[in-house]
Number of protein chains: 2
Amino acid sequence: MTARAFLGIDVGGTTTSAGLVTAQGRVVAGRRRPTHGPAAGDAVPRVLALASEVAGLARPRGYRLAGVGAGVPGIVNGATGVIGGEAHNVPELGGVPLARLLRRALGVPAAVDNDVNALALGEWMWGAGRGARSLVLLALGTGVGGGIVLDGRLYRGAAGFGGELGHVPVELHGRPCVCGARGCLKAYVAGPDLSAEGSRRLGRPVDAAELFRLAAGGDATATAVVDQALEALAAGLTIIVNGLNPDRLLLAGSIARALAPRAAELRARLARRAYAGALATTRLRFLGLDKRTTVRGGAALARQAAIARAHA
Amino acid sequence: MTARAFLGIDVGGTTTSAGLVTAQGRVVAGRRRPTHGPAAGDAVPRVLALASEVAGLARPRGYRLAGVGAGVPGIVNGATGVIGGEAHNVPELGGVPLARLLRRALGVPAAVDNDVNALALGEWMWGAGRGARSLVLLALGTGVGGGIVLDGRLYRGAAGFGGELGHVPVELHGRPCVCGARGCLKAYVAGPDLSAEGSRRLGRPVDAAELFRLAAGGDATATAVVDQALEALAAGLTIIVNGLNPDRLLLAGSIARALAPRAAELRARLARRAYAGALATTRLRFLGLDKRTTVRGGAALARQAAIARAHA
């Protein structure tokens with residue numbers, strides 16, 4: 001019997017990755033492409049073409065394609081599989097029934113969910129979340145999102161917003177956020193927000209990477225911005241630790257990686273805020289994900305859907 | 001066959017209630033007593049005495065006592081059933097194995113949990129939460145606590161802190177909170193905190209009830225304090241709506257009742273903060289609980305434990 005492989009796709013604002021993942025979580029083949037090509041609005045056909053290309057690698061490598069799953073930057077309606085209008089990074093995905101398109105293109109069952117949800121499920125199935133009964137993954141990058149896995153299932157809430165932990169307020173009358181509200185965690189820790197605040201205070205344009213470099217080099221202004229990000233993140237993590245007290249709390253994404261050298265300070269700030277009993281039982285970990293492993297998220301969606309069908 | 005009844009107990013900082021509740025959620029008998037008597041540290045024996053008294057009403061009224069459950073003001077260890085040291089309102093409960101004491105005293109299975117968890121389960125089983133797949137209850141009174149019911153089960157997290165939604169920060173460098181942190185939701189909306197802030201601003205001692213009366217009568221200072229409570233509550237509810245997007249969000253307790261006349265304004269403030277798609281699918285409701293119905297929480301714990309035993 002040929003071994004099964006699941007096609008995992010991670011649709012990003014800039015790059016889309018696709019990979020074949022075994023039922024044990026090993027990535028056996030993969031490709032990356034820019035999400036957007038030269039033509040306007042060509043992201044969806046490009047994702048489908050990449051999916052077909054990588055699906056075609058299964059048989060030559062001795063695998064049978066058992067399903068496809070994709071993580072996308074947006075809220076996905078759990079009942080219809082249609083991507084909502086909030087996919088800020090790839091607006092043309094709004095309203096697209098991507099699962100149906102993938103199923104039609106590849107002839108295998110397809111599952112689509114929010115990218116951070118997919119990542120959280122992948123880590124629970126094969127990564128830093130193995131064995132956890134409850135897991136929260138917070139992804140800090142261009143945006144800030146969360147994924148909640150409880151008893152091995154993604155918690156989505158009434159309409160798929162469950163886990164939108166970037167848009168929890170940490171400051172009553174704080175910075176304006178892209179979502180229209182004020183004081184959201186995202187407004188203090190996401191890359192574009194750090195860049196905007198750093199540029200404003202420094203009086204010249206800096207991106208988040210340069211801001212972190214300046215802070216590491218001792219620049220007082222950059223340090224103040226990064227300190228505020230750490231404090232806001234400590235408050236956001238307190239919401240998760242006190243409010244949900246999950247077994248595992250995983251931090252992923254480019255901004256989490258940039259903050260990892262200051263993990264001890266983050267923990268100290270968190271300890272001043274959270275209940276000691278909750279903090280002692282929620283294991284906090286920084287994830288060093290590479291582009292190769294993010295495709296495991298989509299594959300985990302596909303594998304879990306296959307398991308559900310087998311038990312139905 | 002004699003119908004079953006469950007003994008439900010609600011241990012409060014001032015008053016303890018106990019009642020017999022049918023499997024359909026009807027309260028058929030009940031008693032209330034002050035939690036503390038004349039002797040220091042007599043709360044536990046008084047709770048046990050009240051439990052025995054009300055348990056004794058079952059047979060004369062034609063019911064067979066099938067179990068006992070108690071909601072207590074503190075964090076309860078799910079594995080051992082021992083009450084943690086954080087029971088601020090009734091400190092002597094800390095470390096007490098109340099479930100074991102109740103089982104021994106009454107000769108029936110016993111379940112003990114946090115009072116707000118119990119209330120949330122009771123509302124899910126028999127009240128305003130019936131039919132919800134996901135439910136969050138936020139109780140606003142002397143303290144602020146939360147209960148989370150997912151797929152008919154209480155979500156407790158790693159060590160029972162799951163749902164401690166009074167101690168989520170809504171203001172980075174905000175008011176000091178009794179828990180040791182700063183800017184917790186509780187510090188803006190709990191009775192003692194409203195009283196402290198109102199007294200400070202008015203220059204004379206007022207309790208929360210008088211503060212609400214003054215605000216309703218048009219006093220500008222009192223109105224400012226109540227407005228700030230509304231805004232902090234809107235932020236706290238945004239955390240729940242965006243972060244968890246539950247089917248139902250129930251507000252209970254004396255402060256929720258006092259704020260109920262301004263529900264429309266609370267909803268407007270919430271609409272300025274939360275995702276429209278999340279808010280449209282999370283049904284918000286103010287609960288008018290009386291002392292009689294709070295005993296249903298403990299009874300719900302007992303009934304759910306009985307169902308679990310029947311399926312084991």
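The values are calculated or read from the model by the stated rules, or taken from the named source; none is laboratory data. What you see is a predicted model; the values in this text were computed from it and never measured. All Cβ positions, even for glycine, are placed from backbone atoms using ideal geometry, and neighbour counts span all protein chains on display.
Candidates in the stretch A:32-50 are the residues that are under 19 Å from the mean Cα position of the chain (by Cα) and surrounded by fewer than 19 Cβ atoms within 10 Å (Cβ to Cβ); of these, the one that is nearest to A:PRO60 (Cα to Cα) is A:ARG32. When the residues of the stretch A:93-119 are filtered to those that are of a type in the set (D, E, K, R) and under 17 Å from A:ASN77 (Cβ atoms), the one that is surrounded by the most Cβ atoms within 10 Å (Cβ to Cβ) is A:ASP113. Test A:GLY277 against the criterion of being in a helix (DSSP H, G or I), without any contact (Cβ under 8 Å) to a residue 60 or more places away in the chain and at the interface with chain B (Cβ under 10 Å from one of its Cβ atoms), and give yes or no. Judged against the criteria, A:GLY277 is a match.
Could you please let me know if A:LEU284 is assigned to a strand (DSSP E or B), more than 9 Å from every other protein chain (Cβ to nearest Cβ), surrounded by fewer than 22 Cβ atoms within 10 Å (Cβ to Cβ) and not acidic (Asp, Glu)? The answer is yes for A:LEU284.
No other residue among A:ARG269, A:ARG201 is more than 14 Å from chain B (Cβ to nearest Cβ) and assigned to a helix (DSSP H, G or I) apart from A:ARG201. Against the criterion of being without any contact (Cβ under 8 Å) to a residue 40 or more places away in the chain and either within 19 Å of A:ILE75 (Cβ to Cβ) or not in a helix (DSSP H, G or I) (or both), B:ARG262 does not qualify. In the stretch A:100-121 there is at least one residue matching the filter, namely being within 20 Å of A:PRO34 (Cα to Cα), within 14 Å of chain B (Cβ to nearest Cβ), in contact (Cβ under 8 Å) with a residue 12 or more places away in the chain and assigned to a helix (DSSP H, G or I). Considering only residues in the stretch B:77-92 that are closer than 20 Å to B:THR15 by Cβ and within 14 Å of another protein chain (Cβ to nearest Cβ), the one that is surrounded by the most Cβ atoms within 10 Å (Cβ to Cβ) turns out to be B:ILE83.
Per-residue answers, yes or no, for (1) under 26 Å from B:ARG272 (Cβ atoms); (2) among the aliphatic types (A, V, I, L, M):
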residue	(1), (2)
A:GLY174	yes, no
A:VAL178	yes, yes
A:GLY198	no, no
A:ARG213	no, no
A:THR221	no, no
A:VAL225	no, yes
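A:ALA110 falls short on exactly one of the conditions (1) more than 27 Å from A:GLY56 (Cβ to Cβ); (2) modelled with pLDDT of 95 or more, and that condition is (1). Of all residues in the stretch A:267-274, none satisfies being within 21 Å of the chain's Cα centre (by Cα), touching a residue at least 12 places away in the same chain (Cβ under 8 Å) and surrounded by fewer than 19 Cβ atoms within 10 Å (Cβ to Cβ). Within the stretch A:59-66, is there a residue that is of a type in the set (Ser, Thr, Tyr), outside any loop (DSSP other than H, G, I, E, B) and not assigned by TED's automatic domain parsing to the domain that holds A:THR142? So far as the stretch A:59-66 goes, yes, one or more of its residues are of a type in the set (Ser, Thr, Tyr), outside any loop (DSSP other than H, G, I, E, B) and not assigned by TED's automatic domain parsing to the domain that holds A:THR142. Specify the residue that is surrounded by the most Cβ atoms within 10 Å (Cβ to Cβ); the eligible residues are those in the stretch A:227-254 that are over 20 Å from the mean Cα position of the chain (by Cα) and farther than 12 Å from A:ALA274 by Cα. That would be A:GLU231. Within the set A:GLU210, A:GLU171, the sole residue that is at pLDDT 95 or above, assigned to a loop (DSSP other than H, G, I, E, B) and either farther than 27 Å from A:ALA302 by Cβ or not β-branched (Val, Ile, Thr) (or both) turns out to be A:GLU171. The residues listed here are B:ALA187, B:ALA196; of these, the one that is away from chain A (no Cβ under 13 Å), surrounded by 16 or more Cβ atoms within 10 Å (Cβ to Cβ) and hydrophobic (A, V, I, L, M, F, W, C) is B:ALA196.
Selection of the stretch A:213-254 for residues being on the phi > 0 side of the Ramachandran plot and more than 9 Å from every other protein chain (Cβ to nearest Cβ) yields A:GLY218, A:GLY253. The set of residues in the stretch B:5-35 that are touching a residue at least 60 places away in the same chain (Cβ under 8 Å), closer than 22 Å to B:ILE83 by Cβ and assigned to a loop (DSSP other than H, G, I, E, B) comprises B:GLY12, B:GLY13.
So is A:ARG248 assigned by TED's automatic domain parsing to the domain that holds A:GLY163, touching a residue at least 40 places away in the same chain (Cβ under 8 Å) and charged (D, E, K, R) or not? Yes, satisfied. Given the options A:ALA300, A:ALA260, A:ALA310, A:ALA305, name the one that is away from chain B (no Cβ under 14 Å) and surrounded by 24 or more Cβ atoms within 10 Å (Cβ to Cβ). Just one listed residue meets the conditions, A:ALA300.
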